[in-house]
Structure formats: C-alpha cells, structure tokens
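**Student:** Pasting a structure below so you can have a look.
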Amino acid sequence: MGGVSGVGGSGASKVDPAEAQRRAEAARQKAEAARLAAEAQRKATTEARDTLSQARLDANSARRQKAAAEKGVADARKAAEKPGQTPEEAQKSKDALAAAEKKLKEANEASRSAAQKLKEAEEKATQAANSAEKAMRKANAAALDEGKTPPFSQKDFDKLKPPRNEFESVFEATGQKVDLEKLMGLTPPPQQEVIQSAGAEGAPGIPLDAVAPFEGSPVGEPVPYDAAPFDSVPPMPDGSDTSSMTPT
C-alpha cells in the first residue's frame, strides 16, 4: 500500500506550476486576440450596413427620378401630338419631346447604376456579417478554452444580419433576390418549408405536413394545398359528366 501511495505522490509532483501559468497566459492572450478580431469584424459590419443604407436611399431617389422622367416623356409626347399647332409650336413641341426622352435615357442609366451599387452594397454587408459571425464564434470558443464566459451572446449574433423585410425589395430591379437569399442563408431547403395551420383561440397550430393524408394519397406525401377548380371536376365512376355541378 505504501508503494502505491508513493507512486501517486510522484505523479502529482510532475505538475509544473510555471508551465500551467504559461499555458493559462497563452490561452488568455489567444482569447483576447480572438475577441479583438471579432470586435473589428463587428465594426466592419456596421460600416457596411451604413453604406447599404445610403445605397438604398440613392436607389430610391433614382427610381423616383426615373418615374418623373417617364411622366415627362408622356406629357411631352401628348403635347407634340396635339392637333392644330402652328409650325413654330410643332417644332417647339418636338424639341421638348426630344429633351424629355434624353432626360429619361439618363434617368434610366442612373437608376440601373444605383441598383447595381445597391446590390453590391447588400452583398458586402452580408459578407461582413458572415465574417463577423465566424469571428465571434471563434472568440467564444477561445473564451471557453480559457474557462471564461463567452464574450458574445445570442443577442449579439441576432443583431448581425438585417431583418428579412429590410432587403425584400433590394434586388427586385436586378432579379438577384434569390441569389441574395441564398447568400444570407435564408432560402429554406427544398420541400422542408413548414406551413402552420391555425390553432383554436390563439393556440399554436400544427404543420400541415403532419396532417394525415387523404385516403388514397401516398403515405408520407403532404396533401396538395390548392384544390382543383370546380369547372375541372373529374367524371364520376359511371362516366357521367359532373362539370355542371355546383358546390352547395
């Protein structure tokens, strides 16, 4: 028994306090460096979001100017087509129409340019948010390795990406909305979107794909959401036509 105790004491004596302190300091420095890097990424995200806000304002202004230019062309064309004008008046109307069309061309180009800048700003803001999230998770992991509380909470992560409605109309003019949603990870996986049915008196509903399928439908397949129109009702088993039947 005495020999066993001696071996245990010898193992405990191998722990070097200086080495333990060195490792603890290294872990502290690693965690602090990770935290500072994450904070820098959060700042970059804020700056990218500010740039995006300005780009959105510019795009909206360009769209309004384009709409005004379109109205100007319509008014000028109507004036140019007005009957009974003298040659001088007709020439003046023609010149006004040409000027309006030139202004519309410039407005169209400005609108396209603003939409492109808005798209680029949205992409940069999204990429900055993704980079910040990775850096923050790395900082949290380093803090846990050090035995400390992670510096970033779930609320901090939630603040990184803008609400969905903030970019709903960002890429509509350029047709890039689907690509943007994929970039932000907001496109639901195929056939996995859950639609909630309404519950009684405010109670939570249940997913429609959890409802038992109609008799005769394949097991495991959700019931088709849209029913066939009444004017396309299939014939009865006896072959009679039911297209004239109306629901009661």
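**Student:** May I ask you to list the residues of segment 41-84 whose amide nitrogen lies under 20 Å from a point 7 Å from Cα along the Cα→beta-carbon direction of GLU120?
**Tutor:** Only 44-63 fall inside the zone, counting backbone N under 20 Å.
**Student:** Still on this model: From the backbone phi of segment 62-69, what are the Karplus-calculated ³J(HN,Hα) couplings (6.51 cos²θ - 1.76 cosθ + 1.60, θ = phi - 60°) in whole Hz, Gly and Pro given as x?
**Tutor:** Values, residue by residue: 5, 5, 5, 5, 5, 5, 5, 5 Hz.
**Student:** Continuing with the same structure: Give a residue-ordered list of calculated ³J(HN,Hα) values for segment 77-94 (Karplus: 6.51 cos²θ - 1.76 cosθ + 1.60, θ = phi - 60°; whole Hz; x for Gly, Pro).
**Tutor:** 5, 4, 5, 5, 8, 5, x, x, 7, 6, x, 5, 5, 4, 5, 5, 5, 5
**Student:** Mind checking which lysines have their Cα closer than 20 Å to the Cα of LYS78? Skip sequence neighbours fewer than 8 apart in that chain.
**Tutor:** Reachable lysines: LYS66, LYS92, LYS94, LYS102, LYS103, LYS105.
**Student:** Can you tell me how much longer the chain between GLN54 and THR86 gets when fully stretched, taken as 0.36 nm per residue apart minus their C-alpha distance, in nm with one decimal? Display every interim value, and only then the final one.
**Tutor:** Values: separation 32, 0.36 × 32 = 11.52 nm, distance 4.82 nm.
My answer for the length gained is 6.7 nm.
**Student:** Another question about this same structure. Calculate the dipole size of segment 92-135 relative to its Cα centre from +1 charges on Lys and Arg beta carbons and -1 charges on Asp and Glu beta carbons; express the result in debye to the nearest 20.
**Tutor:** Here the size comes out at about 260 debye.
**Student:** Something else now. Say R0 is 45 Å: what FRET efficiency, to the nearest 0.05, do THR46 and GLU70 get from their beta-carbon distance? Don't skip to the end; give the middle numbers.
**Tutor:** Values: r = 37 Å, r/R0 = 0.82.
The calculated FRET efficiency here is 0.75.
Every read-out reported here was derived from the displayed coordinates using simple, explicitly stated rules and does not represent laboratory data. Not measured: the values here are computed from a predicted model. As a convention, Cβ positions derive from the backbone with ideal geometry for all residues, glycine included, and neighbour counts pool all protein chains shown.
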